[in-house]
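Got a structure for you, questions after.
The values are calculated or read from the model by the stated rules, or taken from the named source; none is laboratory data. From a predicted model like this one, the values you see are computed outputs, not experimental measurements. In this analysis, Cβ positions are derived from the backbone assuming ideal geometry, glycine residues included, and neighbour counts consider all displayed protein chains.
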Amino acid sequence: MENKWEMLGSSNEDREKIWSKNRTFAGDVWFRFRHKPTAIGGLVMIVILMLFALLGPMFTDYSYSTQNLEVVNIPPRMKVYETPDGSGYLYVTQALKVVQVSKDGTMGNQLKKIREEADSSMTIFDCNGTEVALYYGAKPYVIADPQTRVIYPSAHVWNKSYVLGTDSLGRDILTRLMYGTRVSLMVAFVAAAVNMIIGILFGGVSGYAGGMVDTVMMRIVDIISTIPLTLYVILIMVYLESGLQSIIIALGTVYWVDMARVVRGQVLSLKQQEFVMAAKTIGSSTKTILLQHLIPNAMGSILVTVTMLIPSAIFMEAFLSYLGIGLKPPLASLGTMCNDAAENLRSCPHQMFIPALVICLIMFAFNFVGDGLRDALDPKLKK
């Protein structure tokens, strides 16, 4: 007798044949999402950045506004000179002060100034009972023996007191980066949420209503699109004055135009589908059809658009802060950090590179997550 049953193995493909019908919608979305390495990587990066921004300040000894003008523009990796007794190192600040540094890179107290020898371009300091000379006649400044003029051996150590260094006002860059990431993400999330809500409602009503309503609403969108968005945001900021609430309002009323176009296009393509006709047949209201049928099926495109709104909002915040009409100092954000670092770009490029790197990581992370969610939520890919 012929055997009509096929034996299935234990591979992932065989298990998918057996279990695929038992997965819920949420389980199906997660199944597709977790099989995209770039999406998982982006999600992990977002979680790390959020933990860094929210929990990081609890483990630092500094505040984002604490200034110490004695240690301005200190790099993460310092060039130091050995002390005469070899017990530690000496570091020369931009203010021509000499600071003790331990072997592990922890910064200590300043050396006491003994006298000034202007003719020799030297300042004599007391280092544990021994005189050392700071020679400032030419750059780089060096530490030498005042009698023999022999320069003490130099080395490079990582800064343990200020892991990422300090800025032009002596503020800890790592602490400001934590607070700055928190503020920038908050501004971006709130602005993206407001733009998404406005865009979904406007575009959904326009696409579903059609006819004259769609024509009038799209002409409004066209008129708004002719106004340079950057100029529009600047005018709002000038009118409302600088501040966190003002920048959220300005960014939250700008980018909904693109969202409205995306939602309208998706609704126009979906409203003639069979499931919409079936909903109309059983007497579903317009609100139900929009919110429970059309918008969820357009969620893939909506999420991709939202992921682009977040880095766009961060870049706009940085631009406004550069013009001086963004967040008020000493409040930190990624934009204000880039603005503060502009004047020291040649001498301290890491001050610009670090916040710029965080902005890039945020942009890539949200783009990867958006692409993964788009594929996971696309009903045409559902098995």
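For LYS287, work out the one condition from (1) over 30 Å from LEU231 (Cβ atoms); (2) basic (Lys, Arg); (3) touching a helix residue (DSSP H, G or I) at 6+ places or on another chain (Cβ under 9 Å) it doesn't fulfil.
Unmet for LYS287, out of (1) over 30 Å from LEU231 (Cβ atoms); (2) basic (Lys, Arg); (3) touching a helix residue (DSSP H, G or I) at 6+ places or on another chain (Cβ under 9 Å): (3).
Within segment 51-97, how many residues turn out to be touching a Cys at 6+ places or on another chain (Cβ under 6 Å) and within 18 Å of CYS127 (Cβ to Cβ)? Give the steps one after another, and end with the answer.
Within segment 51-97, the subset touching a Cys at 6+ places or on another chain (Cβ under 6 Å) is 73, 83.
Keeping just the survivors that are within 18 Å of CYS127 (Cβ to Cβ) gives 83.
Of the residues in that region, 1 qualify.
What are the residue pairs meeting all of these: first residue in segment 213-228, first residue closer than 14 Å to ASP258 by Cα, second residue surrounded by 12 or more Cβ atoms within 10 Å (Cβ to Cβ), Cβ atoms under 7 Å, and 6 or more apart or on different chains?
MET217/PHE202; MET217/SER206; MET218/SER206; VAL221/VAL257; VAL221/ALA260; VAL221/ARG261; ILE224/VAL257; SER225/VAL257
Looking for something outside the structural domain of LEU174 (by TED's automatic domain parsing), more than 19 Å from VAL150 (Cα to Cα) and surrounded by 16 or more Cβ atoms within 10 Å (Cβ to Cβ) - is there at least one such residue anywhere in segment 84-92? Full working, then the answer.
So in segment 84-92, the residues outside the structural domain of LEU174 (by TED's automatic domain parsing) come out as 84-92.
Add one more test, that the residue is more than 19 Å from VAL150 (Cα to Cα), and what stays is none.
Scanning segment 84-92 turns up no residue that is outside the structural domain of LEU174 (by TED's automatic domain parsing), more than 19 Å from VAL150 (Cα to Cα) and surrounded by 16 or more Cβ atoms within 10 Å (Cβ to Cβ).
Check off (1) more than 27 Å from the chain's Cα centre (by Cα); (2) crowded, with 21+ Cβ neighbours inside 10 Å for VAL263 and give me the number that stays unchecked.
Answer for VAL263: the failing condition is (1).
For segment 126-160, enumerate the residues that are crowded, with 16+ Cβ neighbours inside 10 Å and more than 20 Å from MET78 (Cα to Cα).
Selection gives PRO146 alone.
Hey, another quick one. Quick check: anything in segment 283-297 under 23 Å from the mean Cα position of the chain (by Cα) and not aliphatic (A, V, I, L, M)?
Going through segment 283-297, the residues under 23 Å from the mean Cα position of the chain (by Cα) turn out to be none.
Taking every residue of segment 283-297 in turn, none turns out to be under 23 Å from the mean Cα position of the chain (by Cα) and not aliphatic (A, V, I, L, M).
Okay, next question. Going through segment 173-207 one residue at a time, which ones are buried (at least 21 other Cβ atoms within 10 Å of the Cβ) and more than 30 Å from HIS350 (Cβ to Cβ)?
ASN195, GLY199, ILE200, PHE202, GLY203, GLY204, SER206, GLY207
Every residue, every condition in (1) in the same structural domain as THR305 (by TED's automatic domain parsing); (2) at pLDDT below 90, yes or no:
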site: LYS139; (1), (2): no, yes
site: PRO146; (1), (2): no, yes
site: ARG149; (1), (2): no, yes
site: LEU177; (1), (2): yes, no
site: SER184; (1), (2): yes, yes
site: ALA193; (1), (2): yes, yes
site: GLY211; (1), (2): yes, yes
site: ILE227; (1), (2): yes, yes
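Check off (1) touching a residue at least 40 places away in the same chain (Cβ under 8 Å); (2) within 29 Å of ARG32 (Cα to Cα); (3) not hydroxyl-bearing (Ser, Thr, Tyr) for PHE319 and give me the number that stays unchecked.
Every listed condition holds for PHE319 apart from (2).
Could I ask something else about it? Answer yes or no as to whether VAL157 is at pLDDT below 90, β-branched (Val, Ile, Thr), out of contact with any Phe, Trp or Tyr (no Cβ under 6 Å at 6 or more places or on another chain) and closer than 30 Å to GLY56 by Cβ. Full working, then the answer.
Details: at pLDDT below 90: no; β-branched (Val, Ile, Thr): yes; out of contact with any Phe, Trp or Tyr (no Cβ under 6 Å at 6 or more places or on another chain): yes; closer than 30 Å to GLY56 by Cβ: yes.
The answer is no for VAL157.
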